[in-house]
Amino acid sequence: MAVLIYTKAHDPAEWADEFRKLAPDLDIRLHPNTGNPNEIEAAVVAKPPHGLLKSFPNLKLIHAFGAGVDAILADPTLPRHVPLTRVIDDRLTVAMTEYVLLHVLRFHRQVDAMAANQRNKSWKWLPPVDAAERVIGIMGMGTLGVAAAQKLSQFGFQLVSWSRSLKAVDGVTSFHGEEHLDSFLRLCNVLICLLPLTPQTRGIISRRTLSLLPRGAYIINAARGGHVVEADLLHALDSEWLSGATLDVFDEEPLRDNHPFWTHPKVTVTPHNAADSIAAQVAPQIVDNIRRMQQGQPLLRQVDYSRGY
Ligand code: NAP
């Protein structure tokens, strides 16, 4: 059976080696050396060009390289009768929790202010704030959001969350649905976005929603750039409404040289590396789903086309 690999975000040859090691019988083909398109039955893809997946008439499985599938779903010609599956990986989840924890603690312990003081050789005592006085809000309580919330609650922060459905996670007050979004936002001293990018969540961090946060709130976006209306975020930072933002993901990646985020004193930019898929770690679960497809067994980690995640 032939499996197509398409990615520009990873080293395709490294992934092909992993797949061949795990499943020597699979005929792994690296785009653009696709061969006869009729022979491709599975495709493992990251940000595939529109029209690519439609060109394989016998495709039976589309597997994402990562946890997010928005770039695959954005293809208007996507063959939606073909099941789409994604990655859920313990190491990736731990990496995201580390990222969230790092930047929440940076904000909480006023690290940026102290670094600025150090540059001025200024020995300045900053009044401490108790973790219990900070409310950390997580938008998106799936695999990544729940893991981050559980870790943060161990530090004594107050945790609130927002998702589509109501959640019962120890130590976390759950808000759900559009009708409770504003009540959730009014509480958040730190707002962390771990939502999938869908038509409902695109642009959710906007002038309106930012204005509902308490003054001095901090933003962490490790989900997708499309969640943030960049001009609105810049306005909220420049008008002293927000104290800062850590951004891992952007509308346009890589971030262009003259983008104001690069040099903004209140913005920390990271290059979409909060939590990566690593070939040796993730290839086994992809091969497992290809086997399930071959054997007609239920697929794991399947995306619901109607929800968009
Ligand atoms: P997931 O398990 O699918 O969880 C998604 C969560 O978002 C769920 O709690 C869901 O609510 C909620 N949600 C979806 N649509 C919503 C809406 N309209 N209103 C309110 N809540 C909504 O996803 P995940 O695995 O945690 O990953 C989340 C995202 O992180 C991915 O989609 C990807 O874009 C991003 N990501 C980024 C990196 C990076 O390196 N920066 C790495 C991995 C993933 P329900 O629980 O009620 O369904």
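Below are the figures for this structure:
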{"item": "Scope the stretch 288-305; condition in a helix (DSSP H, G or I) and within 23 Å of the chain's Cα centre (by Cα); matching residues", "result": "Asn289"}
{"item": "Some residue of the stretch 270-285 being surrounded by 13 or more Cβ atoms within 10 Å (Cβ to Cβ), over 30 Å from Ile5 (Cβ atoms) and in contact (Cβ under 8 Å) with a residue 24 or more places away in the chain", "result": "no"}
{"item": "Exclusive hit being over 18 Å from Ala9 (Cβ atoms) and either within 16 Å of the ligand (Cβ to nearest atom) or touching a Pro at 6+ places or on another chain (Cβ under 9 Å) (or both), set Val287, Val229, Val249, Val267", "result": "Val267"}
{"item": "Residue count, the stretch 167-207 (criterion: farther than 16 Å from Leu242 by Cα, away from the ligand (no atom under 13 Å from the Cβ) and surrounded by 14 or more Cβ atoms within 10 Å (Cβ to Cβ))", "result": "1"}
{"item": "Helices (runs of 4 or more DSSP H) within the stretch 153-238 that include 1 or more residues closer than 11 Å to Ile138 by Cα", "result": "181-185"}
{"item": "In the stretch 256-269, the residues that are touching a strand residue (DSSP E or B) at 6+ places or on another chain (Cβ under 7 Å) and free of Cβ contacts under 8 Å to residues at least 12 places away in the same chain", "result": "Trp262"}
{"item": "Selected residue [under 17 Å from the mean Cα position of the chain (by Cα) and not assigned by TED's automatic domain parsing to the domain that holds Ala116] from Val228, Val282", "result": "Val282"}
{"item": "Cβ pairs under 8 Å, 6+ apart, first in the stretch 152-163 and in the same structural domain as Gly140 (by TED's automatic domain parsing), second of a type in the set (Lys, Arg)", "result": "Phe157/Arg134; Gln158/Arg134; Ser161/Lys167"}
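The values are calculated or read from the model by the stated rules, or taken from the named source; none is laboratory data. Everything quoted here is computed from the prediction, not taken from an experiment. Note that we place each Cβ from the backbone using ideal geometry, even for glycine, and neighbour counts take in every protein chain shown.
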